[in-house]
Structures are given as structure tokens and as C-alpha cells.
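Data first, discussion second: the structure below is written as C-alpha cells.
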Amino acid sequence: MLVLALDTATPAVTAGVVELTPGSPPRLLAQRVTVNAKAHGELLTPHLQEALAEAGHRLSDLDAIVCGSGPGPFTGLRVGLVTAAALGQALNRPVYPVPTPDAVALDAATGKPLLVATDARRKEVYWAAYDAAGRRTDGPHVDRPADLVAKLPAVAEAAGEGAELYADVIGLPVVPARYPSPVSLVAAAAEELLAGARPAALTPLYLRRPDAVEPVGRKRVTRA
């Protein structure tokens, strides 16, 4: 299978082309990754086009699309999901959502209980916990680092940009896995992909309510 992997739930704008074969780990053919929290909309489509060109393929060659579903900030996260949904509809290809921390956990591959924490801004982190086999046991949630520590399950190490930013508060050894890779995104969905399972709904994990609120009354536009 030829799979396009996308993720915009973190500051990394990630696109990659991955080959998936039964009985073998996913194989990266090409990728483009730029860490720029303000350029998801500008960079994602050029990145995926460049990755496809480097891999020697076209969009029509794809068998499926995998996209990180967050949690992440609204503006960045929706870029990846909307792009994946549009491509899936245009190409008539299935689109599989993958919680972004699940992919980071696979990249870390510590073989120990793990915390994955990404930067949620506002001095908060998105976090999830995993057992030694990389299965999610808690989360994802959004909390201040100090509040996370108070409710943290038993884990041995941490991964993700949030874990690095607040290492002094969280107090766990941090392994070098900051953002999800195309290979880990595909690996997280590999069982469903190979089985040809029907994808879950492409629902973003925002974990926060929108900042915008509906006006409760009309504003005066003239002076008394």
C-alpha cells in the first residue's frame, strides 16, 4: 500500500509518503517536515507535493491517507484535517485519523510506560499515557504541567515538545521524540489500513472550547 501521512497538530508541518506491506514495518519513501507553527496553511500542500515527487509517485497512486487528529491548536490542526478530507474525497481514497500522541509514542519506542506531552500553549500541555507496549492507557487531556503531575499515571519516561518545555515541572527523563513522523503515523493505523477497515470519523481533538463566543446583545453604535 502507498500511504500519504499528514500532521499539523504540532508546530511541525509534516507530510510523507510511506509504503506499507503485510509482515513488514512501514517504509519511508520521502518526507518534508518544517517546524513553523504559523505556516501550516502555506507549507502543507507544497510539502506533500514535493514528497510525492521525490518518491516518484502521483496523488492518483495513493491507496490511503493517514492524518494526525490532534489534540492541537485549532488553526493548525484543521489545516491537516481539511487537506486530508479534501484529498480523500477528490481521490476516492479512505482517510484514517490517528491521535497525534499515539504516533509520538511509537517514535519514542522506549519499551517502558511513557508520557507523551505536546505544547498546548497558554502554559498548558496536551498529554496521554502509554504502557510498555505503546498502548494508550489515559488521555488525551489538556492540563497545566503542575496539574498533570498531580494526576499522572505511573510512567518511567516522557516524550514530546511539551515534555521538553516543562521537564523541570514534570520531572521525568525525556526521550528524543518531539513530533510525529510519517512512519509512526502510518504504523499507528497499520492494522486498519491492511485490513481495509472503514475509517473512524475524521474528528479533530481540540480539547478546548473555541475562544470566539456568540454576542449576547447588540452594541450601541451611537453616542447617547
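The values are calculated or read from the model by the stated rules, or taken from the named source; none is laboratory data. In this text the structure is predicted, and so the values were computed from the model without any measurement. As a convention, Cβ positions derive from the backbone with ideal geometry for all residues, glycine included, and neighbour counts pool all protein chains shown. Surface areas here come from the heavy atoms of the whole protein model, side chains and all, with no ligands, DNA or RNA. Shrake-Rupley method; radii C 1.70, N 1.55, O 1.52, S 1.80 Å.
The table that follows gives values for the structure above.
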| read-out | value |
| --- | --- |
| Residue in segment 135-158 that is among the hydroxyl-bearing types (Ser, Thr, Tyr) and open to solvent by less than 10 Å² (accessible area, probe 1.4 Å) present | no |
| Selection within segment 87-105 - farther than 18 Å from ARG198 by Cβ and either open to solvent by 40 Å² or more (accessible area, probe 1.4 Å) or over 18 Å from the mean Cα position of the chain (by Cα) (or both) | ALA90 |
| Top-ranked residue of segment 1-37 - restricted to ones that are open to solvent by less than 40 Å² (accessible area, probe 1.4 Å) and among the polar types (S, T, N, Q), ranked as nearest to ARG78 (Cα to Cα) | THR8 |
| Test set (1) within 23 Å of ALA201 (Cβ to Cβ); (2) among the aliphatic types (A, V, I, L, M); (3) in a strand (DSSP E or B) - ALA105 fails condition number | (3) |
| Matching entry among THR83, THR45, THR75 (being assigned to a helix (DSSP H, G or I) and open to solvent by less than 40 Å² (accessible area, probe 1.4 Å)) | THR83 |
| Subset of segment 122-162 [touching a residue at least 40 places away in the same chain (Cβ under 8 Å) and among the acidic types (Asp, Glu)] | GLU157, GLU161 |
| Contacts under 8 angstrom Cβ, first residue in segment 57-78 being over 24 Å from VAL116 (Cα atoms), partner in a loop (DSSP other than H, G, I, E, B), 6 or more apart | LEU62/ARG93; ASP63/MET1; ASP63/ARG93; ALA64/MET1; ALA64/ARG93; ALA64/PRO94 |
| Members of segment 109-127 found to be within 15 Å of the chain's Cα centre (by Cα) and surrounded by fewer than 24 Cβ atoms within 10 Å (Cβ to Cβ), listed by number | ASP119, ALA120 |
| Residue ID - farthest from GLY196 (Cα to Cα), chosen from residues in segment 48-72 that are of a type in the set (A, V, I, L, M) and not in a strand (DSSP E or B) | ALA53 |
| Which listed residue, of ALA190, ALA177, is assigned to a loop (DSSP other than H, G, I, E, B) and not basic (Lys, Arg) | ALA177 |
| Odd one out for ALA154, checked against (1) in a strand (DSSP E or B); (2) more than 19 Å from HIS40 (Cβ to Cβ) | (1) |
| Residue in segment 48-72 that is most open to solvent (accessible area, probe 1.4 Å), counting only those that are over 28 Å from GLU161 (Cα atoms) and not aliphatic (A, V, I, L, M) | ARG58 |
